[in-house]
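First the structure, in the form of structure tokens, and then the observations on it.
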Amino acid sequence: MSEMIHQPGLLLVVSSPSGAGKTTLCHRLLSEFRDTVIFSVSYTTRTMRKGEEDGVDYHFVDDETFDKMVARGEFAEWAEVHGRRYGTTGAAVQRALDEGRDVLFDIDYQGGRQIKARFGPLAVLVFVLPPSFEELERRLRLRATDAPEMIEQRLAKAREELEHYAFYDFLLVNDNLSEAYDGLRSIYFAAAHRIQRRYERAEALIRAARAGTRKP
Ligand code: ADP
Ligand code: 5GP
């Protein structure tokens, strides 16, 4: 029975082709819900970009360290993206769940699939689409964080990523940013109010109602 009334943390996975705006949307959600949502900081073998911070945006590690972590089974999921490896540790997810926190993941479709397989209904998967492929390309070029050949690689991966939308639970089009953010916020709210996560409240009310019932 105790599992029935336990209120587990929500695992909110946000994926999109690179440039569709998931990082922007995730940052907004994190700043609005800083007390309840924590960001899952992934491990990656890619190099740090300007403005990024080790331990905040990613844990930046070398290939050898990543290999060891894979061999020790430390990852809840990991995948190769743009020729680099990215992964989420099981320990970090478990810690957040134990604290009853909700966890936000900015990971690709391969990771989304693994999180869903591992955590089932605790995971809610949101896929963000750009309004058009031309706009995606424009945003990637405007962002100017990558070398031109890297942008080509990201566009190729974007085409691949788009093909995997169908196993996600929710689809958002990020055309107007504030509308897309309202969408993400609503999904988070709805998922957080799922009945599986609200047993505690209902059971407490039932207990109180029963305690107050007078026998004739
Ligand atoms: P991702 O994390 O999916 O790669 P980002 O959040 O980095 O994407 O967004 C890519 C670029 O597009 C950034 O420069 C960001 O400021 C911009 N951007 C995000 N959402 C919108 C939007 N709705 N309209 C216009 N530009 C946007
Ligand atoms: P970037 O290099 O632009 O930060 O991220 C590239 C891609 O890797 C994005 O699609 C991002 O969602 C994905 N990614 C980041 N961290 C992880 C992770 O831990 N696991 C998986 N599977 N993908 C990740």
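The values are calculated or read from the model by the stated rules, or taken from the named source; none is laboratory data. What you see is a predicted model; the values in this text were computed from it and never measured. Using ideal geometry, Cβ is built from the backbone for each residue, glycine included, and neighbour counts are taken over all protein chains shown. Heads up: the accessible areas ignore ligands, DNA and RNA and are worked out on the full protein's heavy atoms, side chains in. Shrake-Rupley method; radii C 1.70, N 1.55, O 1.52, S 1.80 Å.
Starting from the Cα-Cα distance between Arg207 and Asp62, subtract it from 0.36 nm times their residue separation and give me the gain in nm to one decimal. Please report the intermediate quantities before stating the final value.
Numbers: separation 145, 0.36 × 145 = 52.20 nm, distance 5.40 nm.
46.8 nm is the gain from fully extending Arg207 to Asp62.
Cα gyration tensor of the stretch 1-143, axes a ≥ b ≥ c as square roots of the eigenvalues: rounded (a/c below 1.5), prolate (a/b > b/c) or oblate?
Cα axes put the stretch 1-143 in the oblate bin.
If I compute solvent accessible area with a 1.4 Å probe over the protein chains, what percent of it on the chain is carbon and sulfur?
Working: 6340 of 12130 Å².
Carbon plus sulfur share of accessible area: 52 percent.
Relative to the first principal axis of the alpha-carbon coordinates of the chain, what is the inclination of helix 133-143, with its axis defined by its Cα atoms, in degrees from 0 to 90 and to the nearest 10?
The angle comes out at about 80 degrees.
Are there GluC sites (Glu not before Pro) in the stretch 47-83 that DSSP puts in a loop and that have at most 14 other Cβ atoms within 10 Å, and which ones?
Working: sites: Glu52, Glu53, Glu64, Glu74, Glu77, Glu80; in loops: Glu52, Glu53, Glu74.
Answer by residue number: Glu52, Glu53.
Which of the GluC sites (Glu not before Pro) found in the stretch 114-216 are in a DSSP loop and have at most 13 neighbouring Cβ atoms, other than their own, within 10 Å?
Values: sites: Glu134, Glu135, Glu137, Glu149, Glu152, Glu160, Glu161, Glu163, Glu179, Glu200, Glu203; in loops: Glu163.
Sparse-neighbourhood loop GluC sites (Glu not before Pro): Glu163.
Please work out how much length the chain gains when fully extended from Tyr165 to Glu135, using 0.36 nm per residue of separation minus the C-alpha to C-alpha distance, in nm with one decimal.
Net length gain for the segment: 9.0 nm.
Taking the chain as the reference, fit the longest principal axis to its C-alpha atoms, fit the long axis of helix 22-32 to the helix C-alpha atoms, and give the angle between the two in degrees, 0 to 90, nearest 10.
40
Just how much of His82 is accessible, in Å², when a 1.4 Å probe is used and the result is rounded to the nearest 10?
For His82, solvent-accessible area is about 30 Å².
Let a ≥ b ≥ c be the square roots of the eigenvalues of the Cα gyration tensor of the stretch 15-89; is it rounded (a/c under 1.5), or, if not, prolate (a/b larger than b/c) or oblate?
Values: a/c = 1.89, a/b = 1.57, b/c = 1.20.
Here the stretch 15-89 falls in the prolate category.
Viscosity 0.692 mPa s, temperature 37 °C: give me the Stokes-Einstein translational D for the stretch 51-101 in µm²/s, with Rh taken as the Kirkwood radius over C-alpha pairs. Don't jump to the answer; show the numbers that get you there.
On the way: Rh = 12.1 Å.
Answer, rounded: 272 µm²/s.
Return one number: the angle in degrees, 0 to 90 and rounded to the nearest 10, between the long axis of the Cα atoms of helix 199-211 and the longest principal axis of the Cα atoms of the chain.
The answer is roughly 10 degrees.
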